[in-house]
Structures are given as C-alpha cells and as structure tokens.
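S.K.: Please see the structure below; I have some questions.
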Amino acid sequence: MEKRVLSGMRPTGRLHLGHLVGVLSNWKRLQDEAECLYMVADWHALTSDYENPSNLLENIHEMVLDWLSVGIDTERCILFRQSEVKEHAELHLLLSNITPLGWLERNPTYKEQLAELGESRLSTYGFLGYPVLQSADILVYKANLVPIGKDQQPHLDLTRDIAARFNYFYGEVFPMPEPLLTPTSKLPGIDGRKMSKSYDNCVYLCDPPDKIATKVKAMFTDPLKIRKDDPGHPEGCVVFAFHKAFDSEGADVMEPLCREGKIGCVAHKETVAQILIKVMEPIRRRRSEFEGSIEVVHSIFEEGSKRAQEVASQTMEEVRGAMKI
Ligand code: TRP
C-alpha cells in the first residue's frame, strides 16, 4: 500500500528561503512518492499565541500562498486546515485520557520553550497538551511518515508511545508513524546567524527583486577580505552559502577565484543576487497567480478539508469501535 505522509506548520507568518531549502523541498519531493496531507496547524498556533488571534487568518493565508508558490500542488496532495477537521479535537480528547502527565512534563521541546518564552504565560493546560494534539493530527490519518525538523523529534516519539498505549488498551488501531527528518538547512541568515524571523535576517519567498538585491548587498562576507584582491575564505561567508545552495557548480568555479583574490565581494554579490532573483522568479509568478484571489485559497481548503475529513472520520469510527463507545 502507498505510504501516507502527514505534516503541518503553524501559521506564524511569511516563509523564507531557509524553509524552501529545508522543509518545503522535502514536502515537494514527497508529493510524487506518497499520499501527502499537509496541514495548517492553526489550533497549535493558539496554544502559545492565544491572547490576540486577530492575525491568524492573515497568517494562514500568507502561509498557504507561500506553499502554493513554491509548487506544493493541490492536484498531488491534500492541503487543509486543522480547525476545519473536528475529528482532531475528538481524538485529542480521547488520547489525553491515556497520556501520563510525566510524559508531557519531561518533553525537552516543552521545557525549552517554556524557558524561552516565559514561564507564566505558557503554564496552560493547552500548551502542555501540545504534543497530544500533534499525536492526534498524525494518528487520525494513520500516517506512516511524518516529515519534521529535529526539534520535533520528541513529539513524534511521544506520538509513538501514545499510539502503542492505545493499541495495548483497546486493540491494534494505529500503525507506528516514522519520522522523516528534514535535512538541516545550511542556509544562514544575511548576518550569518540562523535564518529566523526573530533575528530580522531573512530573505522571504515573497521578496521582490529589488529587495533581494538589497539583502544580498547587506550579507556578511569574510571580514579578512577587505580589498578586492585580498585572498578570501569562503567558509563562513554568507554569500558563498547562498551561492552553494542555489548554484552549486557556479559556487565551485567561484571558490578558487575568491581564495586567490581574483574576484571581490561586490562582484560576487551581484552574481548571487542575479541567481536568487532568477530562482525566485517562478515562485513570484505563481504567487501572483493566487494572490488577490482569496476565494481560490478558500476553495482549496474547502476541498482539502473535505478529503482529509473522509479519512479522519473513518479512523474515528474505528477508534470508537475499539473503545466500545
Ligand atoms: N509542531 C509542528 C511545528 O511546530 C507543527 C505540527 C502540528 C505538526 N501538527 C503536526 C508537524 C503534525 C508534523 C505533524 O513545526
């Protein structure tokens, strides 16, 4: 039987090139290899950003535009919104009964986020239960493969533990989902730190050409290469990292020229800016096809959520049957 893939992202804002070379390229590849369900985890966003949900709809819209623009294709996979498939909530509730508190409190991702984001705001029942909801997301589709970043591994381990406990109590309903780790993106932000919205160092998927050029000009380069003919050190140079990620052969040609001081950083930046602008041209074009037509996004969700729900409601029949409720 064909493998079933489920993954999701919280709608927290625009996506950037780090997402493209990491998670999105993984998602794109899988569309041709398995039955894929990709989910906007809007209930998960509310576990931490619960005070002011007024940006939620806009963030969802932006994120789906980003997905569509890079080539996530509704002909080949199911895109849906978690909150439109209520079966997730029912399974979450049933799983919460069999999830020992200790499993949740020991979760390293939970402990880290709590420490990072401030203890009191996140000492909520919903936030502690975040991975139980995630388990429900995965198990309600009996997914076999779950593409995730390394930070999500504890959540998947927990999902497997919960599934095993359910199967032990009530009978074999859930297959064991396997993680499919996203290769860690080697793409730094323009300042050389990890590319992240909170560092304000991203190149966004929706950036227009002039913005891309400005950002490439601002990229950190080798601090020892001051003049054009100084020998450069490509390792640790942000411009090189981008060159390598989007035109590996070109970067290999450039490398000795840089080391020997035959090319300066300004010229190299111009080359890389042109490469990025070209790579992002089809992304920008697809985005503009979908942009401005909020109905298209609505109908994508309507259709996707309906298809997802067909699968989820079947599982829930089985779950209720196994539990004799
Ligand atoms: N927790 C995931 C993240 O922050 C998002 C997510 C929610 C998810 N449900 C999921 C990922 C189910 C994979 C499977 O990235």
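S.K.: Test of understanding: ordering 190, 294 by Cβ neighbours within 10 Å, fewest first, what list do you get?
M.R.: Exposure proxy ranking, most exposed first: 294, 190.
S.K.: Let me ask something else about it. At a Förster distance of 41 Å, what's the computed FRET efficiency of residue 262 paired with residue 153, Cβ-Cβ distance as r, to 0.05?
M.R.: Details: r = 44 Å, r/R0 = 1.08.
Once rounded, the FRET efficiency stands at 0.40.
S.K.: Could you list 28, 324, 262, 150 so that the one with the fewest beta carbons within 10 Å of its beta carbon is first and the one with the most is last?
M.R.: Values: 28 18, 324 7, 262 14, 150 11.
Exposure proxy ranking, most exposed first: 324, 150, 262, 28.
S.K.: By how many nm would the segment from residue 199 to residue 307 grow when fully extended, if each residue of separation counts as 0.36 nm and the alpha-carbon distance is taken off?
M.R.: Values: separation 108, 0.36 × 108 = 38.88 nm, distance 3.80 nm.
Extra length from residue 199 to residue 307 when fully extended: 35.1 nm.
S.K.: Moving on. Taking 0.36 nm per residue of separation and subtracting the Cα-Cα distance, what length does fully extending residue 58 through residue 314 add?
M.R.: Length gained, residue 58 through residue 314: 89.0 nm.
S.K.: Amide H neighbours of residue 180 under 5 Å, at least 5 residues apart or on other chains, H built in the peptide plane: list them.
M.R.: Excluding prolines and chain starts, which carry no amide H, the hits are 146, 148.
S.K.: Report, in debye and to the nearest 20, how large the dipole of the chain comes out about its Cα centre when Lys and Arg carry +1 and Asp and Glu carry -1 on their Cβ.
M.R.: Numbers: 39 positive and 48 negative charges, 114 e Å.
In debye, rounded to 20, the chain gives about 540.
S.K.: Once both labels are modelled 7 Å past Cα along the beta-carbon direction, what's the residue 46-residue 253 spacing in nm?
M.R.: If labels sit at residue 46 and residue 253, their model points lie 5.4 nm apart.
S.K.: For the pair residue 296 and residue 3, what calculated FRET efficiency results from E = 1/(1 + (r/R0)^6), where r is the Cβ-Cβ distance and R0 = 22 Å, to the nearest 0.05? Intermediate results must be reported in sequence, preceding the final value.
M.R.: Details: r = 29 Å, r/R0 = 1.32.
Efficiency, from the Cβ-Cβ distance: 0.15.
S.K.: Please sort by residue number the trypsin sites (Lys or Arg not before Pro) in segment 201-239 whose DSSP state is loop and whose Cβ has at most 10 other Cβ atoms within 10 Å. Don't jump to the answer; show the numbers that get you there.
M.R.: Values: sites: 211, 215, 217, 225, 227, 228; in loops: 225, 227, 228.
In loop regions of segment 201-239 (DSSP not H, G, I, E or B), the sparsely surrounded trypsin sites (Lys or Arg not before Pro) are 227.
S.K.: Would you mind ranking 299, 185, 96 by Cβ crowding within 10 Å, fewest neighbours first?
M.R.: On the way: 299 12, 185 20, 96 17.
So the residues, fewest neighbours to most, are 299, 96, 185.
S.K.: Enumerate the helices in the chain for which the Kyte-Doolittle hydropathy averages -0.5 or more and the C-alpha atoms extend at least 18 Å along the helix's axis, using complete DSSP H runs. Numbers along the way, then the final one.
M.R.: Working: long enough: 56-70 (21 Å, 0.74); 153-170 (26 Å, -0.54); 265-290 (37 Å, -0.21); 294-323 (41 Å, -0.34).
Length and hydropathy pass: 56-70, 265-290, 294-323.
S.K.: A follow-up question, please. Could you give the length gained by full extension between residue 181 and residue 73, i.e. 0.36 nm per residue of separation minus their alpha carbon distance, to one decimal place?
M.R.: 36.7 nm
S.K.: Could I ask something else about it? Which one of 257, 40, 152 is farthest out on the positive end of the charge dipole of the chain, using unit charges on Cβ (Lys, Arg +1; Asp, Glu -1) and the Cα centre as origin?
M.R.: Toward the positive end, the furthest listed residue is 257.
Rule-based calculations on the coordinates, nothing more; no lab input. Everything numeric in this text was worked out from a predicted model, so none of it was measured. Backbone-built Cβ (ideal geometry, glycine too); neighbour counts: all protein chains shown.
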